[in-house]
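Undergrad: Mind having a look at this structure? Questions to follow.
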Amino acid sequence: MGILDTPGFRGRSAARLDAKGRLRVPTKYREVLQQHYTDALIVSQHSGCLVAYPPEKWDEIEAKALHLSQVNSDHRSFVRGFISGAEKCEFDNQGRILIPPLLREEAHIDQEVILAGMLANFEIWDKGAWVQQLEQDKQNERKIMEAISLTGL
């Protein structure tokens, strides 16, 4: 089994939300869900974008979050911001999910979005914020690559 046979979200796609906030998920991402996971998404806000996980991957995150300290302020902040903001998004008959207004507002998502595969999940970025993030990443590329090299990659 090659690496591309491993279920994961790869590649980038441009998309538009309709007037009701529905997003058509690219076929390549939907196929990963249909073939390897439950055909739904758990969506939350993180670091200026939305993150979408298969329910099974989200369950792994919540299982680990259950062991975080209830009194540590950083742990509580993480749960408050990331876990409590999560919403289950079901697909309609046209392969779209409705992104709740509060999540769209928190991530400053308007209509034009970029979806970025991140292997275990994918990110949903407002197109303008995506361009800014790429520029920031480009400016920090040397530092990022040095940190990644320490992982053995």
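Undergrad: Based on the mean of other Cβ atoms within 10 Å per residue, sort peptides 139-152, 19-32 so the most packed one is first.
TA: Packing order, densest peptide first, comes out as 19-32, 139-152.
Undergrad: Dipole of the chain (Lys/Arg Cβ +1, Asp/Glu Cβ -1, origin at the Cα centre): which of 58, 34, 68 lies farthest to the positive side?
TA: 34
Undergrad: May I pose another question? To the nearest 500 deg cm²/dmol, what mean residue ellipticity at 222 nm is calculated for the chain from DSSP H runs of n ≥ 4 alone, each contributing -39,500 (n - 2.57), summed and divided by the residues?
TA: -10000 deg cm²/dmol
Undergrad: Could you give me the ³J(HN,Hα) list for the range 41-46, computed from phi with Karplus coefficients 6.51, -1.76, 1.60 and θ = phi - 60°, whole Hz, x at Gly and Pro?
TA: 9, 9, 10, 9, 9, 7
Undergrad: How large is the dipole of the range 3-127 about the Cα centre if only Lys and Arg carry +1 and Asp and Glu carry -1, each at its Cβ, rounded to the nearest 20 debye?
TA: That gives the range 3-127 a dipole magnitude of about 220 debye.
Undergrad: Decide, for the range 19-82, between rounded, prolate and oblate: order the square roots of the alpha carbon gyration tensor eigenvalues as a ≥ b ≥ c, take rounded if a/c falls under 1.5, and otherwise choose prolate if a/b is larger than b/c, else oblate.
TA: Oblate is the answer for the range 19-82, as a/c is 1.5 or above yet b/c matches or exceeds a/b.
Undergrad: Mind computing the radius of gyration and Dmax over the alpha-carbon atoms of the range 3-127? Å is fine for both.
TA: 14.5, 44
Undergrad: Please list 102-112, 42-52, 82-92 highest first by mean number of surrounding beta-carbon atoms within 10 Å per residue.
TA: Highest mean packing first, the order is 42-52, 102-112, 82-92.
Undergrad: Need one word for the range 61-117: rounded, prolate or oblate. Basis is the Cα gyration tensor (sqrt eigenvalues a ≥ b ≥ c); a/c below 1.5 gives rounded, then a/b vs b/c decides.
TA: Prolate, because a/c is 1.5 or more and a/b exceeds b/c.
Read-outs: derived from the displayed coordinates by stated rules, not from any lab. All figures in this text were calculated on a predicted structure; none of them were measured in a lab. We place every Cβ from the backbone using ideal geometry, glycine too, and count neighbours over all the protein chains shown.
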